[in-house]
Structures are given as structure tokens and as C-alpha cells.
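Bear in mind that the values in this text are calculations on the coordinates, not laboratory data. All values reported here derive from a predicted model rather than from experimental measurement. Glycine gets a Cβ as well: all are built from the backbone with ideal geometry, and neighbour counts include every protein chain shown.
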2 protein chains.
Amino acid sequence: MSEVTAIGRPRKFEEQTVLAAVMDIFWEKGFEGTAMSDLVEATGLQKGSLYGAFGDKRTLYLKALAFYDETEVALAVDLLSGKCGGYELEAPDAGYLRIAALLQAVIDAVSVKGDRRGCLLCNAAVDQAPLDSATERSVTASLECMEEAFLEAVRAIPDFVASVSEGRRTARHLLSVYFGMRVLAKSGAPVAIMDDAKSGALKGLHPL
Amino acid sequence: MSEVTAIGRPRKFEEQTVLAAVMDIFWEKGFEGTAMSDLVEATGLQKGSLYGAFGDKRTLYLKALAFYDETEVALAVDLLSGKCGGYELEAPDAGYLRIAALLQAVIDAVSVKGDRRGCLLCNAAVDQAPLDSATERSVTASLECMEEAFLEAVRAIPDFVASVSEGRRTARHLLSVYFGMRVLAKSGAPVAIMDDAKSGALKGLHPL
DNA sequence: TGTTTTTTTGACTGATCGGTCACAAATTAT
DNA sequence: ATAATTTGTGACCGATCAGTCAAAAAAACA
């Protein structure tokens, strides 16, 4: 993992910390909207150090996307697939609750935390994926993770009488609702709209 | 509407034509990703003419958004509210068919026409609405139009036993699915995923 | 104490950015 | 004609863009 002794002048920064700061800026401003000077300011590093350690702007963006996948996407996936605590995971309607919790988290990000940045994955899909194939690949991979996690949650809904293909269909439908809500959130839509989008989606999951 | 005689040198361009070209570029590249030189190339006008006729880049963007609202959004709204022909509007399940047709149109834009630009409204919501209040207002207004149109379609579903508030909820849920599918389309998602998102959403509309 | 290796630093580059402007061109009004 | 008014044109502006580089600094070696 790490060299015990490293020759040469040691780095003054933690790679993960810098990447987190870089991700934040790209998240807030997008790829084109972010200048290298923004990253210099946010990271406290000089331009030369950034280029030396991470490569050019595009590479940095891709690494920020990967970091997002490892942190934020992983959190959502863990929530959906029941690998993290706090959501009554043992309840009989665990799958339903997990999906409800994720959609509620999208709403809370806006209404509680005032976070208008939305989802970096969604942002990247909209403004960079069609223009850059490496970004497209990264986004696609993260989307597949989320789809599988939704599928896992759907399958954890007892009495959800559904064929295998219907489970997949439902997962993809929920994926779509999730990103739609992210878009609505960024547009400044009132909480009531997102609440309805959420409960409208959940309604179809309750055959009880 | 128009002056019969206009003093001074007459314009060589049609305002609507130029606006359509401008909209196309912003649609494809986004606000930050579009340079004035791109617009000069696309419109055939010189920079000075563009500034003289439409104002600065931001104003031009807002006018392109308004143009999108008057053309593309209006088409979707007309389709949903049954004001345009071609979709068996007299059938007993007219509302259902209209919604299905709109979601299918999102898929066809990608699979038939190879159009990866998505929806300018969605793009604007994601990358400009949080940063510019005028853009946010424009996006919000268009979103409200679409919500009302979805609501009209939902209410045109016979046997859709639902309270008033449930109709609204369903409309907002569909709005969310619609934008989610737009995001998936831009991410390069295969048609199968969007098909499932669509049919998953439609399933909840068929209490038959 | 040097030598070597790596990182930090900030000045520097050419290109491009959004935006302006003076002047030529085209039309109506007199 | 000629004056008045508007539009088209392209050179021009300072600012900022992404990216580079040589030299200083900080560490491990010898």
C-alpha cells in the first residue's frame, strides 16, 4: 500500500483530501464552469503541484468522478442493499424502507442541508458524458452499480410478487425517478413536488 | 406586431431562425461549453450583430431557453394535453396513450434519431439553474407547464380512480420519470434501460 | 558534506474568452 | 442628392483560460 521510506521531498498534502476538495468544486460548478484557479484556491495547492500529482484538468475530473463513486455512490448503494445501519433493516418491509430512505435523502439534501449541488453523477451524465467517452464510461459504470442496488432493494420487498424481469424493470424505473428528482432538486423545485415524486414512485411498490 | 416600414439598414437575418441555431448550440454544448465563436459559426452572423440584436451571452441563453419553451416544450405539452393529432386521442385510454407516447419519444430521440442532446430544459436545470436566478425562473416556469400537462393527461385516464391530490402526485411522479429518462439518455444508457423505466412508470397507471 | 530525487512555487506562455468599437454599408426621409 | 438611422463587419481589448517550466526547497542517500 504505502512505501515506508520515500525518497525525495515529501508531499505536503493527502491525496484523498485534495481529491475530495476537487470533487466538491466540480460538483458545484461542473467541468466547464470550473477553472484551474478554482481548484488551486480550493485545494491550497499550486497549479504545478496539481498537474504533477494528478495530470490535466480532464484527468482530474475523471479522478473526482471515481472518488464520488467510491464515497457518495457507495453510500447510496450500501443504503439500498442494506449494508449500513440505521434504517430498520430487519423489518419485514426492509426493501421498501431502504428505497424510501434513499429518495427521502434526496429531498433532505435540499430541504435540510440546502444543498443545491444535486448528484455529481447526474451532473456528469448531463453535461460531459455525451462529449467525452471516458466520462461516459465512468458514469455508466456508476449507474450500473446503482441499478443493481435498486434491484437488490426491490427483491427485499416481501410480497412483491414479481417475475425476475419485472424486478429489473422496477429497479430501472426507480433509477429514473431518482435522477429525475435530482434534476428537480437542482431546478429549485419546492419540496412538495419532490415529495409527490417520491410517494408516487413508492405507491407502486406497495402491493399490500 | 411588425412595422411596415423600418428606418435604417434592414436586417439580413430572421430573428427566429438565428434563435433556433443558437438554441441548438446551447442545447448541445451547454452554457459554459458554448463560446461566442461557436454561435458566430452556427448563425452566420458576426459577433457584433449578435450582441446588437440579442444582448450578451447570458441574455442570449435565456432567449434560447424561451425559444425552447415555445417550441419543444410546447410540443410535449400539446401531446400530453391532447391538442395535437396522431395519437388516437379519441381512444378510451387516451391519457395513458399520450403519456406512453411522450416517454417513447424520449427513447426514440436516442434510438431512432441518435440525438444525445437530451432536453435543454433538463440541461439548464442541472448546470445553470443553481447558479443563475433568471435561468432558474425560466426553468421553473417550463417545468410547471409540463407538470400541468402531465396532470391533464393523468386526468384523461378513464377508470383511474384517484383523488385530486393523487392525480397531482402521479403527475409529479411522471415528471420525475421523464427527466430521469432524459438523464439516462444523455449518459448513453442502452435502450433497454429506458424501455424498462418507461414501462415501469406506465404500469402504475393501469388499474385495469 | 555533497548528490540525488521528488515536490513546491510562481512566473510565464500562447490561445481563447466575452465584449466593445469605429467605420462601412444599406436603407428611409427630406 | 444628402441627411438620418440602423445594421454588418472585423479588428481590437483586457481578462482569463489550460498548461509549462526552471529554479528553490526538502527529504533520503553517499
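When you restrict to C-alpha pairs under 8 Å that are six or more residues apart and normalise by the size of chain A, the relative contact order lands at 21 percent.
Computed from the Kirkwood radius of its Cα pairs, the Stokes-Einstein diffusion coefficient for segment A:131-183 at 10 °C and 1.306 mPa s stands at 132 µm²/s. Screening chain B for whole DSSP H helices of 24 Å or more along their axis (Cα) with average Kyte-Doolittle hydropathy at least -0.5 returns B:94-111, B:133-155, B:164-186. Please build a GNM for chain A, connecting alpha carbons under 10 Å apart, and tell me which residue among A:K83, A:K63, A:K29 fluctuates the most. Maximum fluctuation in the GNM of chain A, among the listed residues, is at A:K83.
With the helix formula -39500 (n - 2.57) applied to DSSP H stretches of n ≥ 4, chain A reaches a computed 222 nm mean residue ellipticity of -21500 deg cm²/dmol.
Taking all C-alpha pairs of the protein assembly as shown, those more than 42 Å from each other amount to 18 percent. Subtracting the Cα-Cα distance of A:S111 and A:E14 from their residue separation scaled by 0.36 nm leaves 31.7 nm. Between copies, the label points at A:H206 (set 7 angstrom from Cα along Cα-to-Cβ) are spaced 2.4 nm, reported in nanometres from shortest to longest. By the Cβ distance rule (another cysteine Cβ under 4.7 Å), the unpaired cysteines of chain A are A:C84, A:C145. Per-residue mean of foreign Cβ neighbours for B:195-206 is 6 (Cβ atoms of other chains, 10 Å radius). The other copies place their A:F13 label points at 4.2 nm from this one, listed shortest first, where each point is 7 Å from Cα along Cα→Cβ. Starting from the label point of A:Q46 at 7 Å along Cα→Cβ, the same points in the other copies fall at 4.4 nm, in ascending order. One quarter of the convex hull surface built on the alpha carbon atoms of chain B amounts to 14.0 nm², the projected area averaged over directions. The distance linking segment A:107-162 with segment B:167-205 is 13 Å (Cα centroid to Cα centroid, whole angstrom).
Hey, which of these cross-link pairs are over 31 Å Cα-Cα: A:K83/A:K113; A:K12/B:K29; A:K12/B:K57?
Pairs exceeding the cut-off: A:K12/B:K29; A:K12/B:K57.
Looking at chain A, identify the longest residue range that excludes and avoids all chymotrypsin sites (Phe, Trp or Tyr not before Pro) in DSSP loops having at most 16 other Cβ atoms within 10 Å. Within chain A, the longest run free of exposed chymotrypsin sites (Phe, Trp or Tyr not before Pro) spans A:88-208.
Only the Cβ atoms of Lys and Arg (+1) and of Asp and Glu (-1) were treated as charged; on that basis the dipole of segment A:66-201 about its Cα centre amounts to roughly 300 debye. Taken along the Cα-to-beta-carbon direction at a fixed 7 Å, the label points for A:E148 and A:S37 span 4.3 nm. Loop-located trypsin sites (Lys or Arg not before Pro) across segment A:113-208 with a Cβ neighbour count of 12 or fewer within 10 Å are A:K113, with loop assigned by DSSP. FRET efficiency for the pair A:D159 and B:E72, taken as 1/(1 + (r/R0)^6) with r the Cβ-Cβ distance and R0 = 35 Å, rounds to 0.25.
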